[in-house]
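Read the structure below first, then the notes.
The values are calculated or read from the model by the stated rules, or taken from the named source; none is laboratory data. Here the structure is a predicted model, which means the values were calculated and not measured. All Cβ positions, even for glycine, are placed from backbone atoms using ideal geometry, and neighbour counts span all protein chains on display.
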Amino acid sequence: MLVSVIGAGYVGLVAACCLANSGHRVKCVEHDRSKCEMLAGGLLPFYEEGLGDLLARGVKGGKLSFSTEIESIKNTEIIIVAVGTPSRPDGKVDLGQIFGVMTDISELATEPVTLIMKSTVPPGLGLQLQKRFLFQKSGKIAYVSNPEFLREGRAVKDWYQPERIVVGAETPEAVETVKSLYSDIEAPFCVMDISSAEMVKYASNAFLATKISFINEIANLCELVGADIIPVARAVGMDGRIGGSFLQAGLGYGGSCFPKDTKGLDFISTLNGHTFNLLKAVIEVNARQRILAVRKLSRLLDSLCGKKIAILGLSFKPGTDDTRESPSLDIIRMLGDEGAEVTAYDPMAVLRQNAGPLPEFTLCGDPLAALTSSHAAVITTEWREFLDMDWEKAWKIMSPPRVILDGRNCLDPHKIKSLGFQYAGMGRA
């Protein structure tokens, strides 16, 4: 099939590369000219395991092409919209890019086409978009909601091995078109109306965020009563009704999806006259986890002012270079406010403009350089490199009192303590 993908961010580029790898001819539209040229040359603008090979193969094989011209979507069978829907300061989803793309599509589509919305949009928006932009194209544009559930760091695997494919459509023909697009993927299709499909994405992310905040609250209570969250979470997760995923206590969730979608769903709820108290608590708990970590560090060091603190990990999770809404950045800001001298290291992360303002800190080329003369280290991302690091050597180059705050509970506390460090985890008495 001939497919146009509008937007070459995480979602759009994964979709374009995977569809091209599956044999479809894919045109990807990206307004950023320098980014478009980079992609046309087979180079990724961000890190995602396995995606670089698919990109190079698609470009070289002629199945994948890139353009800055929106007019290139003409005469395609399927148009996939994968532009950004960032969160505004009030939590509302910024739909500016969506409206711009829909205007272009309504003007350019002259042949029957299936429009697949991959961008995360508020429930009910699909129906509004049809009325606002597509009412004059009746019969020519079939609108479909097909939310993505890709995890950064394993997006390619998630594309080819999804747990389900959600399709919100108004006609059987549109559903069959989407099924043909994914003909090489074995997964159950969940077919429903458009608004319900849009809700699935928000509900899924909100529930996973709830699990994270819940286990962090249990971890905080564990510290107060002398319990250890590690065996507690393991045993709780063995209950088949609960499951062990997303029960890792730590600094809370980050990234491009959970923070944006929880705030967006809270705004949608308020706008519709519903007070989503549970979701408000999830958001509050997540923000507080960073503060608790800094308070714990302050107690261990007596004061943060004048202390040198090493931050190990900048990306919001291992396997990605994405720092959006990363706990590490919040911690760096708070440490800077307290007068600490901050060094940092990450094997992959890239601080982009959307990282927001940060106090002055030193970004080092290796972890030992960041740890040199540091009074404390904070593990903010559980990269394998930190687990396998020579901590005995780290002890020698750090300064007393040599505190390790394991914000991800990924180190062996007995080993770290045996080397002479002061160790503190999250929810570990």
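Here Val101 fits the description: outside any loop (DSSP other than H, G, I, E, B) and among the β-branched types (Val, Ile, Thr).
Here's the yes/no breakdown for (1) in the same structural domain as Phe316 (by TED's automatic domain parsing); (2) closer than 15 Å to Met117 by Cα; (3) in contact with a Cys (Cβ under 6 Å, 6 or more places away or on another chain); (4) buried (at least 20 other Cβ atoms within 10 Å of the Cβ):
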site	(1), (2), (3), (4)
Arg132	no, no, no, no
Pro147	no, yes, no, yes
Trp159	no, no, yes, yes
Thr177	no, yes, no, yes
Ser180	no, no, no, no
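Give Val191, Val200 a once-over and let me know the one that is assigned to a helix (DSSP H, G or I) and free of Cβ contacts under 8 Å to residues at least 60 places away in the same chain.
Details: Val191 fails: assigned to a helix (DSSP H, G or I).
Among Val191, Val200, only Val200 is assigned to a helix (DSSP H, G or I) and free of Cβ contacts under 8 Å to residues at least 60 places away in the same chain.
Of the residues examined, Gly91 is not one that is part of a helix (DSSP H, G or I), under 23 Å from Pro147 (Cα atoms) and of a type outside the set (Val, Ile, Thr). Among the residues of the range 231-250, the ones that are surrounded by fewer than 18 Cβ atoms within 10 Å (Cβ to Cβ) and out of contact with any Leu (no Cβ under 9 Å at 6 or more places or on another chain) come to 9 in all.
Matching residues to (1) modelled with pLDDT under 95; (2) in contact with a Phe, Trp or Tyr (Cβ under 8 Å, 6 or more places away or on another chain):
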{"residue": "Cys17", "(1), (2)": "no, no"}
{"residue": "Gly23", "(1), (2)": "no, no"}
{"residue": "Phe46", "(1), (2)": "yes, yes"}
{"residue": "Gly52", "(1), (2)": "no, no"}
{"residue": "Gly61", "(1), (2)": "no, no"}
{"residue": "Ser67", "(1), (2)": "no, no"}
{"residue": "Lys74", "(1), (2)": "yes, no"}
{"residue": "Asp90", "(1), (2)": "yes, yes"}
{"residue": "Gly96", "(1), (2)": "no, no"}
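Is it the case, given these coordinates, that His31 is surrounded by fewer than 23 Cβ atoms within 10 Å (Cβ to Cβ), under 26 Å from the mean Cα position of the chain (by Cα) and not aliphatic (A, V, I, L, M)? Criteria met by His31.
The residues listed here are Thr103, Thr68, Thr85, Thr114; of these, the one that is among the β-branched types (Val, Ile, Thr) and farther than 24 Å from Ala197 by Cα is Thr68.
Assessment of the range 65-78 against the conditions (assigned to a strand (DSSP E or B), touching a residue at least 12 places away in the same chain (Cβ under 8 Å) and within 30 Å of Lys280 (Cα to Cα)) yields no matching residue. One residue stands out in the range 10-28 among those that are surrounded by 17 or more Cβ atoms within 10 Å (Cβ to Cβ) and not in a helix (DSSP H, G or I): the one that is nearest to the chain's Cα centre (by Cα), namely Cys28. For the range 119-140, taking the residues that are closer than 21 Å to Phe267 by Cβ and part of a helix (DSSP H, G or I), the one that is modelled with the lowest pLDDT is identified as Arg132.
Output yes when any residue across the range 105-118 is assigned to a loop (DSSP other than H, G, I, E, B) and either in contact with a Leu (Cβ under 7 Å, 6 or more places away or on another chain) or closer than 20 Å to Val14 by Cα (or both), and no when none is. Yes, some residue in the range 105-118 is assigned to a loop (DSSP other than H, G, I, E, B) and either in contact with a Leu (Cβ under 7 Å, 6 or more places away or on another chain) or closer than 20 Å to Val14 by Cα (or both). From the residues in the range 256-280 that are among the charged types (D, E, K, R) and under 15 Å from Pro89 (Cα atoms), which one is surrounded by the fewest Cβ atoms within 10 Å (Cβ to Cβ)? Residue satisfying both the conditions and the ranking: Lys263. Do we have Ser119 as surrounded by 21 or more Cβ atoms within 10 Å (Cβ to Cβ) and touching a strand residue (DSSP E or B) at 6+ places or on another chain (Cβ under 6 Å) here? In short, yes.
May I ask you to list the residues in the range 289-312 that are more than 28 Å from Lys263 (Cα to Cα) and either outside any loop (DSSP other than H, G, I, E, B) or among the polar types (S, T, N, Q) (or both)? I'd like the intermediate steps shown before the answer.
At the first step, the residues of the range 289-312 found to be more than 28 Å from Lys263 (Cα to Cα) are 297-310.
Answer for the range 289-312, where residues must be more than 28 Å from Lys263 (Cα to Cα) and either outside any loop (DSSP other than H, G, I, E, B) or among the polar types (S, T, N, Q) (or both): Leu297, Ser298, Arg299, Leu300, Leu301, Ser303, Lys308, Ile309, Ala310.
Each row is one residue, and each column tells you yes or no for (1) outside any loop (DSSP other than H, G, I, E, B); (2) acidic (Asp, Glu); (3) over 21 Å from Gly252 (Cα atoms); (4) in the same structural domain as Asn220 (by TED's automatic domain parsing).
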position	(1), (2), (3), (4)
Leu314	no, no, no, yes
Asp322	no, yes, no, yes
Glu325	no, yes, no, yes
Pro347	no, no, no, yes
Glu382	no, yes, no, yes
Leu411	no, no, no, yes
Lys415	yes, no, yes, yes
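When the range 60-71 is limited to residues that are under 26 Å from the mean Cα position of the chain (by Cα) and surrounded by 18 or more Cβ atoms within 10 Å (Cβ to Cβ), the one that is farthest from Tyr160 (Cα to Cα) turns out to be Phe66.
For the range 314-343, give me the residue count where each residue is among the β-branched types (Val, Ile, Thr) and touching a Gly at 6+ places or on another chain (Cβ under 9 Å). Within the range 314-343, residues that are among the β-branched types (Val, Ile, Thr) and touching a Gly at 6+ places or on another chain (Cβ under 9 Å) number 4.
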